[in-house]
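Below is one structure, written out as structure tokens; the observations come after it.
The values are calculated or read from the model by the stated rules, or taken from the named source; none is laboratory data. Computed from a prediction, not measured in an experiment: that's the story for all the values here. With ideal geometry, Cβ positions are generated from the backbone for all residues, glycine too; neighbour counts draw on all protein chains shown.
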Amino acid sequence: MSTLAYDGTAMLGRQLRRIRHNPGLLILTQTMPITMLLFFGYVFGSALAMPGEEYRAFLVPGLLVATAANGIMTGMFQAAQDSHRGVTDRFRTLPMSRAAVPLGQAAADLVVTAAGTVPLLLVGLAVGWRIEGSALEAAGAVGLLLLFRFATTWIGILLGLASRSEEAAGQLGGATFILPLLSNAYIPTDNLPGWLRTAAEWNPISAVTTALRDLFGNAPVPADGAWPVTHPVAGSLAWCAVLIAVFLPLAVRRYALGASPTR
Amino acid sequence: MRYGRHMTTTYAVLSEGLEKRFGEVRALQGLDLAVAEGRVCGVLGPNGAGKTTAVRLLTTLLRPDAGSARVAGHDLVREPAAVRGAIGVTGQYASVDGDLTGRENLRLFAKLHRMRGPTGRTRADELLDRFGLTEAADRPTSTYSGGMRRRLDLAASLVTRPAVLFLDEPTTGLDPHSRNQIWETVRALKSEGTTVLLTTQYLEEADQLADDIVLVDHGRTAHTGSPAELKALIGSCAEVVVAHPDAMSGAAAVLDQLTGSEPAFDEERRAVGVVTTDPTLTLPRLVRELDAAGVPLLDASLRPPTLEDVFLRLTDRKELVT
Ligand SMILES: Nc1ncnc2c1ncn2[C@@H]1O[C@H](COP(=O)(O)OP(=O)(O)OP(=O)(O)O)[C@@H](O)[C@H]1O
Ligand SMILES: [Mg+2]
């Protein structure tokens, strides 16, 4: 276990250095939601029944969670990059813990996400979003957000390790932008047709978004709907637990098996 | 150190019947290798022979489907961690982190080898210096030339002194200067007692560096021996060039009769070649016999074989070497 901690820390350091040398993807994934907040908040907001300020306050938690869900994309991209550039092969021939490489990646991602969320929160505050609940609840919201990010990163790492090429990973990763569209992150789900509403409410993004709105005090928990949305905190924790329990071991195993092609 | 014992020699790499398939492709179908401790073994084979697959199996990157192997005295499948502790690997394709600088890469690998703090930093600097990378040390390796990346890759395999070093085509694509640098490194490592297994497509490289050569073809060990033994096995190469294409079959008939081995043709040069172990076949006799048979000779030669000849002969390829 101390091997894992030592090697994991080394890999965390490596990942942070990489991001520092190459911050493009990080900057893109963190400025995108700010652009979306301004665009959706002022352009779409004017066409919705909800008053603009109220919609922007509704939107901030949604964008936080949608950005966290980008963990699939970044996790996939970084893992694919590594395995197709051969550096993973070198790690596999070193006398080090095998779980350390993906774990270091997930840990670094968490550090970077935590820091990268601050600008979005600041812009949110500037456009009228507020923390209406207690400090403890707000801390809980942030914790939940990071836990969700951690969970989605493992989906990404598994997909990235399994991908045929960096390009394939990039394309599939890009497609994940539709996931928050099928949730309550940007719009309330009440008025969606029945089956679509059910699908959107079972999207983990909806549970976490609802939990954040509840914990930040931005919107009440819906009275009716699917279980994860009517019990958002428990629903979010359950979703994260399931995702981590499934994808973390699969990704670690996939890494250890090392099925990357020779070229 | 004493590894897998076999008679009186100790072997740093010993494999028996290694097999690996990728779907329909049988990349390895029974590879036997025995590399004595402290020696340089050259694994020679054409594209697709299975060299890289062999290296990936022996360095624990892939699991064999059948067969067994011991590396540095440890069983490949049962003790992969112990194997990893004893080896250094430079794969055919670059395996350093392109987003990190050369120095950061080496420091990271030193850290992962449990060299903490200043020890690791000093080691990284030493290696940068040894491989002429000090000036480029603080640039991301993605900006390195192919040769620089290759040298960094080799440096990364030498962070600790491995007991067994695997080099998969270490000089492919390098200019003569970088190639010589890598050859010198291999020689220096050998003199320090490191066992080296290197794959190559260059016969000259195997001839220069290897104590033992293993010819691999279609995933099998086709032949094993020292460069001299392999050359002796074939004998000499006789080649004649005739005046017009019609005379080639006549020349071939004479050569066949003289040596009893199957001639090879190079239509373009109107050349016919054959190999022989017969010491009584001298150049004057060769010329006399051909002349007596009325073959219009333009040129005739009898020379000791190059490894290229050995290679083409023993791996069942009939083209003539030029
Ligand atoms: N991951 C893989 N999936 C499918 N086939 C593979 C894989 N790796 C190797 N092969 C096949 O196995 C055979 C042996 O390949 P290998 O790379 O070991 O050859 P090699 O001797 O290293 O060739 P080269 O000189 O071109 O590097 C080839 O036919 C190759 O196409
Ligand atoms: Mg190869």
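Taking residues in segment A:1-22 that are farther than 12 Å from B:Leu108 by Cα, and partners anywhere that are among the polar types (S, T, N, Q), the pairs with Cβ atoms closer than 7 Å and at least 6 places apart or on different chains are A:Thr3/A:Ser97; A:Leu4/A:Ser97. The single condition among (1) surrounded by fewer than 22 Cβ atoms within 10 Å (Cβ to Cβ); (2) not in a helix (DSSP H, G or I) that B:Val240 does not meet is (1). Against the criterion of being touching a helix residue (DSSP H, G or I) at 6+ places or on another chain (Cβ under 7 Å) and within 16 Å of ligand 1 (Cβ to nearest atom), B:Val71 does not qualify.
The set of residues in segment A:47-89 being of a type in the set (Lys, Arg) and part of a helix (DSSP H, G or I) consists of A:Arg56 alone.
Here is a yes/no grid of residues against (1) in contact (Cβ under 8 Å) with a residue 60 or more places away in the chain; (2) under 22 Å from B:Thr52 (Cα atoms); (3) assigned by TED's automatic domain parsing to the domain that holds B:Val35; (4) out of contact with any strand residue (DSSP E or B) (no Cβ under 7 Å at 6 or more places or on another chain):
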residue: B:Ile87; (1), (2), (3), (4): yes, yes, yes, no
residue: B:Arg107; (1), (2), (3), (4): no, no, yes, yes
residue: B:Lys111; (1), (2), (3), (4): no, no, yes, yes
residue: B:Ile182; (1), (2), (3), (4): no, yes, yes, yes
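Just give me the residues in segment A:158-185 being assigned to a loop (DSSP other than H, G, I, E, B), buried (at least 18 other Cβ atoms within 10 Å of the Cβ) and not polar (S, T, N, Q), in sequence order. Hit for segment A:158-185 is A:Ala185, nothing else.
In segment B:43-57, the residues that are more than 8 Å from ligand 2 (Cβ to nearest atom) form Cβ pairs under 6 Å with partners that are in a helix (DSSP H, G or I) and not basic (Lys, Arg), at six or more places apart or across chains, as follows: B:Leu44/B:Ala206.
Here's the yes/no breakdown for (1) within 16 Å of ligand 1 (Cβ to nearest atom); (2) buried (at least 22 other Cβ atoms within 10 Å of the Cβ); (3) away from every other protein chain (no Cβ under 14 Å); (4) more than 19 Å from the chain's Cα centre (by Cα):
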residue: B:Gly38; (1), (2), (3), (4): no, no, yes, no
residue: B:Ala82; (1), (2), (3), (4): no, no, no, yes
residue: B:Asp97; (1), (2), (3), (4): no, yes, no, yes
residue: B:Gly102; (1), (2), (3), (4): no, yes, no, yes
residue: B:Leu106; (1), (2), (3), (4): no, yes, no, yes
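Residues of segment A:217-258 that are in contact with a Phe, Trp or Tyr (Cβ under 8 Å, 6 or more places away or on another chain) and closer than 16 Å to A:Val60 by Cβ: A:Asn218, A:Ala219. I'd like to know if segment B:10-26 contains one or more residues that are buried (at least 23 other Cβ atoms within 10 Å of the Cβ) and either acidic (Asp, Glu) or within 16 Å of ligand 2 (Cβ to nearest atom) (or both). Yes, some residue in segment B:10-26 is buried (at least 23 other Cβ atoms within 10 Å of the Cβ) and either acidic (Asp, Glu) or within 16 Å of ligand 2 (Cβ to nearest atom) (or both). Screening B:Asp175 with (1) touching a helix residue (DSSP H, G or I) at 6+ places or on another chain (Cβ under 7 Å); (2) away from ligand 1 (no atom under 16 Å from the Cβ); (3) modelled with pLDDT under 90; (4) facing another protein chain (nearest Cβ under 10 Å) gives one miss only, at (4).
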